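Beneath this line is the structure, given in structure tokens, with notes to follow.
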Amino acid sequence: LPLFTTTPHWRMAGILEILFFVLVALLILHLRQLWSHRHYPPGPFPLPVIGGMWQIGKILSPDTFLKVLLSKSFTRPHRKLFASADLILSFAKEELERHKEQRKDEPQDFIDFYLLQMEKSKDDPNSTYDESNLAECVLDLFIAGTETTAATLQWGLLLMVSYPDVQDKVYKEMEDVLGSSLPICYEDRKKLPYTNAVVHEILRAKYPLLIGIPRRCAKDMEMHGFHIPKRTVVVTDLNSVLVDPTRWETPEEFNPHHFLDTDGNFRSREEYLPFGAGARACVGEQMAKMEIFLFLTTLLRAFRFQLPEGVKELNNKPVLGLTLHPHPHKLCAIPRCSA
Ligand code: HEM
């Protein structure tokens, strides 16, 4: 992996390049596992899907996001956006066919469960379970699950560079508790209170969503003295909860102690709601938590991240795209001796 060798030239790796590389590698590993599990050889399709996701991310990048959103006419980026979405939709439809052919008694994954639900509700004229909705749900999962986690990981590395003492403390805790040989697993977070607190604080301090997903009220309702009529579109501002000065000790600062008690144990906070709450909370919450914890800890065990020589400070302000990303910047990934 030339990105991670120790020669000065290659040490300089763009944060985006590292993260994209790791994400693609994991996606490919995951797809391979899926393929072997389902006993069919890898076809050429998933690579264009990765390309499609990349394209969507690019079109919804800060440069074009507002243009696409505000434009009244159907422009080239719109066409590209829909073409990329179509690519993922046709991938989902192919998967759907394969799932139908290779049905097992016990449902194995989301598509199997969805197909089962379709069968159960086939006599219900109001059911919304159908094949095209299933493909749209798969597209939603791809879109909702990629940018959010990637932006959080980018912020995570940026914060580790801005707070080297925190980065070293995380590394030391992992070394003391796990040693350097065993790969880390999600269960380990229970033995790593400081590391767990840092991961939580990254998502609180640098929340990647500008606004929540718009929801439409299904019936008239009263809430805290406000009347919300049926069909009103409600958009939550979860960030306001994450930086509420009446709930957090130092809301504007990156401070892992928000999630630690006086004895250094991890403490959950009810005002920590990055994934929303209630019936329509993020369906990917568990997956996102796992991804962020595993990616960050694995990277921090293997490398010490720092600014390139001569760079004195980083821009910590977000840029608006599909999510709130950091500005592009370069970091040095220095291999840890024991890695
Ligand atoms: C840092 C990562 C993530 C954050 C901060 C996040 C945040 C959110 C939030 C705030 C909502 C709206 C909740 C509400 O309206 O109350 C949401 C919805 C959703 N998220 Fe996530 N999410 C993340 C990762 C993921 C992942 C990894 C997936 C899938 C693999 C995913 C899939 C979805 C879907 C499908 C919805 C819509 C759910 C519905 O309408 O019922 N998200 N997410």
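Filtering 288, 277 for residues that are within 16 Å of the ligand (Cβ to nearest atom), closer than 24 Å to residue 178 by Cβ and not hydroxyl-bearing (Ser, Thr, Tyr) leaves a single hit, 288.
Which condition breaks for residue 326 when tested against (1) within 15 Å of the ligand (Cβ to nearest atom); (2) surrounded by 15 or more Cβ atoms within 10 Å (Cβ to Cβ); (3) without any contact (Cβ under 8 Å) to a residue 60 or more places away in the chain; (4) closer than 26 Å to residue 184 by Cβ? The single condition residue 326 does not satisfy is (3). Scanning region 155-193 for residues that are hydroxyl-bearing (Ser, Thr, Tyr) and touching a Leu at 6+ places or on another chain (Cβ under 7 Å) turns up 162, 171, 186.
Residue 212 meets all of the listed conditions (1) within 16 Å of the ligand (Cβ to nearest atom); (2) farther than 23 Å from residue 151 by Cα but one, namely (2). Sub-8 Å Cβ pairs linking a first residue in region 257-270 that is touching a residue at least 60 places away in the same chain (Cβ under 8 Å) to a second residue that is among the small types (Gly, Ala, Ser) and part of a helix (DSSP H, G or I), at least 6 apart or interchain, are 257/197; 258/197; 259/197; 260/197; 266/197, ordered by first then second residue.
Residue 161 satisfies every condition listed in (1) within 11 Å of the chain's Cα centre (by Cα); (2) at pLDDT 95 or above except (1).
I'd like the full set of residues that are free of Cβ contacts under 8 Å to residues at least 40 places away in the same chain and either buried (at least 20 other Cβ atoms within 10 Å of the Cβ) or touching a Pro at 6+ places or on another chain (Cβ under 7 Å) (or both), limited to region 115-157. Once the filter is applied, which keeps residues that are free of Cβ contacts under 8 Å to residues at least 40 places away in the same chain and either buried (at least 20 other Cβ atoms within 10 Å of the Cβ) or touching a Pro at 6+ places or on another chain (Cβ under 7 Å) (or both), region 115-157 yields only 116. For region 66-79, the condition holds for no residue, the condition being that it is more than 22 Å from residue 283 (Cα to Cα) and modelled with pLDDT of 75 or more. Being more than 16 Å from residue 200 (Cα to Cα) and within 11 Å of the ligand (Cβ to nearest atom) is a description that does not apply to residue 301.
Conditions tested, residue by residue: (1) more than 30 Å from residue 82 (Cα to Cα); (2) small (Gly, Ala, Ser); (3) in a helix (DSSP H, G or I); (4) away from the ligand (no atom under 16 Å from the Cβ).
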{"site": "99", "(1), (2), (3), (4)": "no, no, yes, yes"}
{"site": "117", "(1), (2), (3), (4)": "no, no, yes, no"}
{"site": "151", "(1), (2), (3), (4)": "no, yes, yes, no"}
{"site": "154", "(1), (2), (3), (4)": "no, no, yes, no"}
{"site": "161", "(1), (2), (3), (4)": "yes, no, yes, yes"}
{"site": "167", "(1), (2), (3), (4)": "yes, no, yes, yes"}
{"site": "175", "(1), (2), (3), (4)": "yes, no, yes, yes"}
{"site": "182", "(1), (2), (3), (4)": "yes, no, no, yes"}
{"site": "190", "(1), (2), (3), (4)": "yes, no, yes, yes"}
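For region 217-239, a residue qualifies if it is closer than 30 Å to residue 152 by Cβ, in contact with a strand residue (DSSP E or B) (Cβ under 7 Å, 6 or more places away or on another chain) and away from the ligand (no atom under 11 Å from the Cβ), and the qualifying residues are 217, 233. Put simply, of 285, 249 the only residue that is over 27 Å from residue 164 (Cβ atoms) and modelled with pLDDT of 95 or more is 285.
The values are calculated or read from the model by the stated rules, or taken from the named source; none is laboratory data. All values derive from a computational prediction rather than experimental measurement. Don't worry about glycine lacking a Cβ; one is built from the backbone with ideal geometry, like all the others, and counts go over all protein chains shown.
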